[in-house]
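To start, the structure under review is shown below, and the notes come after it.
The values are calculated or read from the model by the stated rules, or taken from the named source; none is laboratory data. Note that the structure is predicted; figures quoted are calculated from it, not measured. Virtual Cβ from ideal backbone geometry, glycine too; neighbours counted across all protein chains shown. Remember, those area values only see protein heavy atoms, side chains included, never the ligands or the DNA or RNA. Shrake-Rupley method; radii C 1.70, N 1.55, O 1.52, S 1.80 Å.
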Amino acid sequence: MEINTATLKTLKDIPFIEIGGSQILGTRKNQQDSYGWLEKDNELLAVVCDGMGGLSGGELASKVTVEMILGKFSGIQGECLPPQFFREAVNEADLIVHDFDEDGKSINAGTTIVAVHIKDNKLHWLSVGDSHIYIIRRNEILSVCAEHNYGELLKKRLEAGEISQTEYEADTKRKDALTSYIGIGGVKLMEINDIPLSLVGDDMIILCSDGLFKTLLDADIMRSAFEYKLNAGRCAEYLTETAMKLTKGSQDNTTAIVIHYNGDIFT
């Protein structure tokens, strides 16, 4: 098992936030997940990307997208407007990844992205694809973003009465196929909360690739968060370790960023 852990227990400029990240290769040959965070002027931006594509395509797509969005954030002069920033970043990253080619041929690479921006006690999020952002508050856990995949599209068609239960069940083999991702060539589906979520003391935020939530139940994730909430880096590491231990057969690349918000001074 390969673990690459980056831990920053207390941010220098944002002392009421603790953050940590962990990543495993799983049983895959290539690591197509990328992650990172940046603190600047009492603001935090954290990002997780899960790449897809043949050979090195997914690895390149996720890495370039993380680097691009963090670099764009770093270069902002003055106030960051998260919804506008996220929309611009998605469109810029989509253009870059969609144009990837090798010997003049498209490598058909892409990546999901989840990101959060925190300033004071305000949280904005971004999601394109099927990675997850969890908010854990008291005894509840909530995945705040819809998954952009064929399975969710089928559910909506079933709920709207457009297809029967039999038709729905017959077409679930393609349920994991993404309907929106960075590199699709014109992203139409993205989750951005224009009205920020107000955080309260002891909230936890977890960003993760599907290698985590397809292995661990929400209850397992919440239990781990409670047990290690005073050490965000160890919490992230424990989550990825547990996913690997529970693996039966194969385990996807798995990445988690854990943020512990202890901003009682703002609430």
Cβ-Cβ under 8 Å pairs, at least 6 apart or on other chains, segment 209-237 side in contact (Cβ under 8 Å) with a residue 40 or more places away in the chain and under 23 Å from Val66 (Cβ atoms), far side open to solvent by less than 40 Å² (accessible area, probe 1.4 Å) and aromatic (Phe, Trp, Tyr): Ile221/Tyr134; Ile221/Phe213
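Considering only segment 187-208, how many residues are within 20 Å of the chain's Cα centre (by Cα) and small (Gly, Ala, Ser)? Walk me through it before giving the result.
Of the residues in segment 187-208, the ones within 20 Å of the chain's Cα centre (by Cα) are 187-199, 203-208.
Now drop any that are not small (Gly, Ala, Ser), which leaves 198.
Qualifying residue count, segment 187-208: 1.
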Residue that is nearest to Met190 (Cα to Cα) [pool: residues in segment 78-103 that are part of a loop (DSSP other than H, G, I, E, B) and open to solvent by less than 70 Å² (accessible area, probe 1.4 Å)]: Cys80
Test: residue in segment 210-224 that is open to solvent by 50 Å² or more (accessible area, probe 1.4 Å), under 19 Å from the mean Cα position of the chain (by Cα) and of a type in the set (D, E, K, R): yes
Residue, nearest to Gly53 (Cα to Cα), within segment 155-165, restricted to residues that are more than 23 Å from the chain's Cα centre (by Cα) and open to solvent by less than 100 Å² (accessible area, probe 1.4 Å): Arg157
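Which residues, counting only those in segment 238-267, are open to solvent by 50 Å² or more (accessible area, probe 1.4 Å) and part of a helix (DSSP H, G or I)?
Filtering segment 238-267 for residues open to solvent by 50 Å² or more (accessible area, probe 1.4 Å) gives 238, 245-246, 248-250, 262, 264-267.
Matches in segment 238-267: Tyr238, Lys245, Asp264, Ile265, Phe266.
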Strands (runs of 3 or more DSSP E) lying entirely in segment 1-77 (those with 1 or more residues that are surrounded by fewer than 23 Cβ atoms within 10 Å (Cβ to Cβ), at pLDDT 95 or above and in contact with a Phe, Trp or Tyr (Cβ under 9 Å, 6 or more places away or on another chain)): 33-40, 43-52
Residue match in segment 183-194 (condition: open to solvent by 20 Å² or more (accessible area, probe 1.4 Å), farther than 19 Å from Gly263 by Cα and touching a Pro at 6+ places or on another chain (Cβ under 9 Å)): yes
Test: residue in segment 115-135 that is touching a strand residue (DSSP E or B) at 6+ places or on another chain (Cβ under 7 Å), charged (D, E, K, R) and open to solvent by less than 40 Å² (accessible area, probe 1.4 Å): yes
